[in-house]
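This report refers to the structure that appears directly beneath it.
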Amino acid sequence: ETGVTQTPRHLVMGMTNKKSLKCEQHLGHNAMYWYKQSAKKPLELMFVYSLEERVENNSVPSRFSPECPNSSHLFLHLHTLQPEDSALYLCASSQESQNYGYTFGSGTRLTVV
Amino acid sequence: AQSVAQPEDQVNVAEGNPLTVKCTYSVSGNPYLFWYVQYPNRGLQFLLKYITGDNLVKGSYGFEAEFNKSQTSFHLKKPSALVSDSALYFCATLPNDYKLSFGAGTTVTVRA
């Protein structure tokens with residue numbers, strides 16, 4: 001365990017479903033991130049939360065909705081997804097202003113059918 | 001913009017042979033450089049980092065990396081590769097905004 005826990009590990013959902021991905025960190029970090037990793041594509045930074053405020057949204061479609069209720073928890077709410085949204089979704093956390101890099105969770109493998 | 005580049009999509013080596021995964025950087029000022037490894041269907045795991053100090057950095061699983069300022073490189077190395085080292089390797093840099101910038105990744109295959 002890295003200290004960043006993602007649930008569920010695997011998720012299969014239909015295009016009309018609503019689901020949520022959860023990320024939890026117990027490292028005392030003050031920043032959290034969502035990344036999308038698709039096959040044969042670079043890691044895509046989706047959202048950044050710093051001190052529970054969203055500071056970056058990299059042109060992500062509105063069918064992805066993040067929520068950061070506190071510094072330890074991060075959610076990604078999903079609705080009316082498309083098959084091309086199938087990917088590994090990675091959560092990470094860091095302590096901003098420190099040069100230690102990120103700690104990643106194991107990811108949620110999402111399949112949209 | 002501060003970035004890293006991984007010039008090789010794939011590296012194939014025989015078990016027991018030296019392994020090198022290349023990374024070059026384009027960073028103004030002092031670079032903060034990282035290597036991460038990703039095993040199949042897992043998240044990224046931290047291997048090592050260079051912030052300052054010795055140019056040769058030792059990390060997890062017997063890996064090391066050499067910071068070379070004149071060549072703007074930060075290649076990852078392992079003297080004797082194992083089949084279990086087969087994975088996807090990412091080089092990254094941490095600019096002033098503290099958002100890690102990743103390379104495209106290099107797939108390493110170590111054959112028995």
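Worth a mention:
Yes or no, residue by residue, for (1) of a type outside the set (F, W, Y); (2) closer than 24 Å to A:A92 by Cβ:
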site	(1), (2)
B:V4	yes, yes
B:N12	yes, no
B:T24	yes, yes
B:Q38	yes, yes
B:Y50	no, yes
B:K69	yes, no
B:S73	yes, no
B:P79	yes, no
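- Restricting region A:64-94 to residues that are in a loop (DSSP other than H, G, I, E, B) and surrounded by 14 or more Cβ atoms within 10 Å (Cβ to Cβ), the residue that is modelled with the lowest pLDDT: A:S71
- Within region B:77-106, if we keep just the residues that are within 11 Å of another protein chain (Cβ to nearest Cβ), open to solvent by less than 50 Å² (accessible area, probe 1.4 Å) and of a type in the set (S, T, N, Q), the residue that is nearest to the chain's Cα centre (by Cα) turns out to be B:T93.
- Candidate set from region A:15-27 (those that are of a type outside the set (D, E, K, R) and either open to solvent by less than 20 Å² (accessible area, probe 1.4 Å) or within 14 Å of another protein chain (Cβ to nearest Cβ) (or both)); member that is farthest from A:D85 (Cα to Cα): A:L27
- Flag for A:L110 being open to solvent by 30 Å² or more (accessible area, probe 1.4 Å) and hydrophobic (A, V, I, L, M, F, W, C): no
- Taken over region B:90-101, residues that are outside any strand (DSSP E or B) and of a type outside the set (A, V, I, L, M) amount to 5.
- Within region B:6-49, the set of residues being within 15 Å of B:A92 (Cβ to Cβ) and open to solvent by 50 Å² or more (accessible area, probe 1.4 Å) comprises B:K22, B:T24, B:S26, B:Y32, B:F46, B:K49.
- The set of residues in region A:31-63 being over 15 Å from A:S86 (Cβ atoms), away from every other protein chain (no Cβ under 13 Å) and assigned to a loop (DSSP other than H, G, I, E, B) consists of A:E52, A:S59, A:V60, A:S62.
The values are calculated or read from the model by the stated rules, or taken from the named source; none is laboratory data. Since the model is a prediction, treat every value here as computed from it, not as a measurement. In this analysis, Cβ positions are derived from the backbone assuming ideal geometry, glycine residues included, and neighbour counts consider all displayed protein chains. Just so you know, the surface numbers come from the protein's heavy atoms only, side chains and all, with ligands and any DNA or RNA stripped out. Shrake-Rupley method; radii C 1.70, N 1.55, O 1.52, S 1.80 Å.
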